[in-house]
Amino acid sequence: MIGVVVEHLPVLLDEVLKLLQVRKEGVYVDCTLGLGGHSEAILSRLEAPGRLIALDWDQEALEEASDRLGSRHDNLQILHESYQNLPRVLNGLQIPALDGCLMDLGVSSLQLDSPPRGFSFRQEGPLDMRMDSRSETTAADLIGRLSEQELAQLFHRNGEEKAARRIAAAVVARRRLSPIGTTTELARIVEQVKGPGRGRIHPATQVFQALRIEVNSELAGLESALQAVISLLRPGGRLVVIAFHSLEDRIVKNVFRKAAGRCVCFRPLEVCNCPRITEVKILTRKPVTASDQEVRENPRARSAKLRAVEKEV
């Protein structure tokens with residue numbers, strides 16, 4: 001990547017390590033390698049035959065992390081894969097069970113700080129937003145072809161955007177004049193509908209979130225991926241997940257509750273059909289959030305919520 005200097009501050013690092021409880025000879029997976037900050041800390045606690053499998057579907061992130069970590073760690077294996085394929089990956093590596101797994105679901109600094117990737121409304125770039133460049137659909141494709149109703153549903157469903165209908169109407173009206181191809185064009189349309197906004201939250205935040213989630217199918221496979229990781233943990237193994245918006249966190253919370261044998265339908269006991277089978281113990285009664293000091297040092301940690309479970313013995 002040319003011309004972009006990225007300062008990498010892994011979110012909630014101390015809390016991740018405390019809850020993951022890395023065993024020096026254990027087998028661990030970092031499902032979202034990013035720039036490798038969490039992986040580097042896990043590796044520092046491993047000794048042979050301990051090993052870390054690190055996955056990411058972003059080729060640029062893999063290259064950056066490989067340069068940073070690969071030559072210094074014999075017990076690290078980096079793969080260009082999605083966490084949704086973890087069972088197949090581990091089967092191919094002949095790894096039957098894990099001592100721990102980390103899933104950091106946030107967008108990396110590398111992605112946000114690279115205008116050509118099109119993730120940020122603060123810098124002009126193409127409306128891309130693909131985490132995996134092998135994928136075909138971009139944000140521009142969605143903005144260009146979805147109907148007004150489909151766009152409104154998308155902004156509401158994935159972004160919880162209250163002005164979804166008005167923004168969708170403005171997008172459709174604008175694209176009749178010419179295609180909407182850049183991040184700043186879309187951000188201006190949203191700002192014209194909602195106003196400049198107040199405080200630290202840009203008015204286009206939720207619309208960009210909605211498009212990014214759709215382009216990368218982020219929510220579609222999350223529940224099944226979490227369930228798969230839980231099934232792959234050995235007794236006493238731990239899963240730590242960091243979510244960055246309420247849609248992700250809600251899925252994580254419900255999967256953990258269900259795996260802990262708790263009700264997730266919230267209906268009266270006589271009509272509840274939750275399985276009530278206990279697979280894990282929940283380690284975080286409430287989500288762990290960043291301290292004021294961490295937020296000052298790394299504002300992107302502000303919305304992070306960490307949850308963790310331990311496989312029952």
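The values are calculated or read from the model by the stated rules, or taken from the named source; none is laboratory data. This is a predicted model, so every value here is computed, not measured. Cβ sites come from the backbone with ideal geometry, for glycine too, and all protein chains shown count toward neighbours.
Restricting attention to the stretch 150-168, does a residue exist that is small (Gly, Ala, Ser), over 19 Å from Ala220 (Cβ atoms) and surrounded by fewer than 18 Cβ atoms within 10 Å (Cβ to Cβ)?
no
Could you list, in sequence order, the residues of the stretch 44-82 that are assigned to a loop (DSSP other than H, G, I, E, B), of a type in the set (Ser, Thr, Tyr) and free of Cβ contacts under 8 Å to residues at least 40 places away in the same chain?
Hit for the stretch 44-82 is Ser44, nothing else.
In the stretch 284-302, which residues are outside any helix (DSSP H, G or I) and surrounded by fewer than 17 Cβ atoms within 10 Å (Cβ to Cβ)?
Across the stretch 284-302, the qualifying residues are Arg285, Lys286, Pro287, Thr289, Ser291, Arg302.
Among the residues in the stretch 96-107, are any assigned by TED's automatic domain parsing to the domain that holds Asp58 and surrounded by fewer than 16 Cβ atoms within 10 Å (Cβ to Cβ)?
Checked the stretch 96-107: at least one residue is assigned by TED's automatic domain parsing to the domain that holds Asp58 and surrounded by fewer than 16 Cβ atoms within 10 Å (Cβ to Cβ).
Please enumerate the residues belonging to the stretch 291-312 that are in contact with a strand residue (DSSP E or B) (Cβ under 9 Å, 6 or more places away or on another chain), at pLDDT 95 or above and over 17 Å from Lys258 (Cα atoms).
Residues satisfying the conditions are Ala304, Lys305, Leu306.
Among (1) without any contact (Cβ under 8 Å) to a residue 24 or more places away in the chain; (2) exposed (fewer than 15 other Cβ atoms within 10 Å of the Cβ), where does Gln227 come up short?
Tallying (1) without any contact (Cβ under 8 Å) to a residue 24 or more places away in the chain; (2) exposed (fewer than 15 other Cβ atoms within 10 Å of the Cβ), Gln227 fails exactly one: (1).
Is the stretch 272-280 home to any residue that is touching a residue at least 40 places away in the same chain (Cβ under 8 Å), surrounded by fewer than 19 Cβ atoms within 10 Å (Cβ to Cβ) and of a type outside the set (Phe, Trp, Tyr)?
yes
Do we have any residue at all in the stretch 73-83 that's more than 20 Å from Leu306 (Cα to Cα), among the acidic types (Asp, Glu) and surrounded by fewer than 16 Cβ atoms within 10 Å (Cβ to Cβ)?
Among the residues of the stretch 73-83, at least one is more than 20 Å from Leu306 (Cα to Cα), among the acidic types (Asp, Glu) and surrounded by fewer than 16 Cβ atoms within 10 Å (Cβ to Cβ), which makes the answer yes.
Out of (1) surrounded by fewer than 17 Cβ atoms within 10 Å (Cβ to Cβ); (2) touching a residue at least 12 places away in the same chain (Cβ under 8 Å), what's the single condition that is false for Arg145?
Result: Arg145 passes all but (2).
In the stretch 241-267, what residues are in a strand (DSSP E or B) and small (Gly, Ala, Ser)?
Ala243, Ala260
Test Ser246 against the stated conditions and say whether it is closer than 20 Å to Leu20 by Cα, surrounded by fewer than 16 Cβ atoms within 10 Å (Cβ to Cβ) and either under 22 Å from the mean Cα position of the chain (by Cα) or at pLDDT 95 or above (or both).
In short, no.
Does His156 satisfy the criteria of being within 26 Å of Ala290 (Cβ to Cβ) and within 22 Å of the chain's Cα centre (by Cα)?
no
So in the stretch 23-38, with the set limited to residues that are modelled with pLDDT of 95 or more and either assigned to a strand (DSSP E or B) or buried (at least 20 other Cβ atoms within 10 Å of the Cβ) (or both), which one is nearest to the chain's Cα centre (by Cα)?
Cys31
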